[in-house]
Amino acid sequence: MIKSDRWIKRMALDKGLITPFEERQVRAGTISYGLSSYGYDIRIADEFKIFTNINTTIVDPKQFDSRSFVDYKGEVCIIPPNSFALGRSVEYFRIPRNIMTLCVGKSTYARCGIITNVTPFEPEWEGYVTLEISNTTPLPAKIYANEGIAQVLFFEADEVCAVSYADRQGKYQAQQGIVRPRV
């Protein structure tokens, strides 16, 4: 069952589900973020890793070359045409053992050809969310730091899982910044 705004608010305020937590949707002059009817719109921080080919490295998820990215910090990130960047959420998440999330990109960016890809947050995962933002257009694209980038939907299981992400000691547990691929 999908969880409502009342459940999300209660869990955020009482259990630290989302920190910092915005109790309402902020919209004025910004790409919206905060609590929505059945989810939470997360913001992207001002730290980015922009994909580059200046070092002619090969993208290998098993042996990722850090020279594939250029670090950037700022209020606006420009993603080159047909490229991508990694970012992280402003919010830190602590997912309960009986909850699974899906995270989907915001329509404002999607309508511009900017796609946000995030994997599910598994039961008992916690950390800042690493976000992959793809610019599918032939033009440079702007990403606005500290504004909405994606929406998280929370689903409650019928029963508690036998083995959680924390139990497995998942490789992305309690990540603090933008985390590159790990094996």
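The values are calculated or read from the model by the stated rules, or taken from the named source; none is laboratory data. Remember, it's a predicted structure, so these values are computed and weren't measured experimentally. Positions of Cβ are generated from backbone atoms using ideal geometry, with glycine treated the same way; all protein chains shown enter the neighbour counts.
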(message) If a residue must be within 18 Å of the chain's Cα centre (by Cα) and part of a loop (DSSP other than H, G, I, E, B), how many such residues does the range 31-75 contain?
(response) 5
(message) Residue pairs, Cβ under 9 Å, 6 or more apart or interchain, first in the range 5-26 and free of Cβ contacts under 8 Å to residues at least 24 places away in the same chain and assigned to a loop (DSSP other than H, G, I, E, B), second aromatic (Phe, Trp, Tyr) and surrounded by 13 or more Cβ atoms within 10 Å (Cβ to Cβ). List them.
(response) GLU22/TYR33; GLU22/TYR40; GLN25/TYR33
(message) Taking the conditions exactly as written (among the hydroxyl-bearing types (Ser, Thr, Tyr) and modelled with pLDDT under 95), does TYR144 satisfy them or not?
(response) no
(request) Hey, could you check the range 13-31 for residues that are of a type in the set (A, V, I, L, M) and out of contact with any Ser or Thr (no Cβ under 6 Å at 6 or more places or on another chain) and say which is modelled with the lowest pLDDT? (result) ALA28
(message) Any residue in the range 89-103 that is closer than 17 Å to ILE178 by Cα and among the small types (Gly, Ala, Ser) sitting within a Cβ distance under 7 Å of a residue that is at pLDDT 95 or above and part of a strand (DSSP E or B)? List the pairs, counting only those 6 or more apart or interchain.
(response) SER89/ILE42; SER89/ARG43; SER89/ILE44; SER89/ALA45; SER89/TYR128; SER89/VAL129; SER89/LEU131
(message) Need the failing condition index for ASP71 against (1) under 21 Å from ALA145 (Cβ atoms); (2) touching a helix residue (DSSP H, G or I) at 6+ places or on another chain (Cβ under 8 Å); (3) exposed (fewer than 12 other Cβ atoms within 10 Å of the Cβ), just the number.
(response) (2)
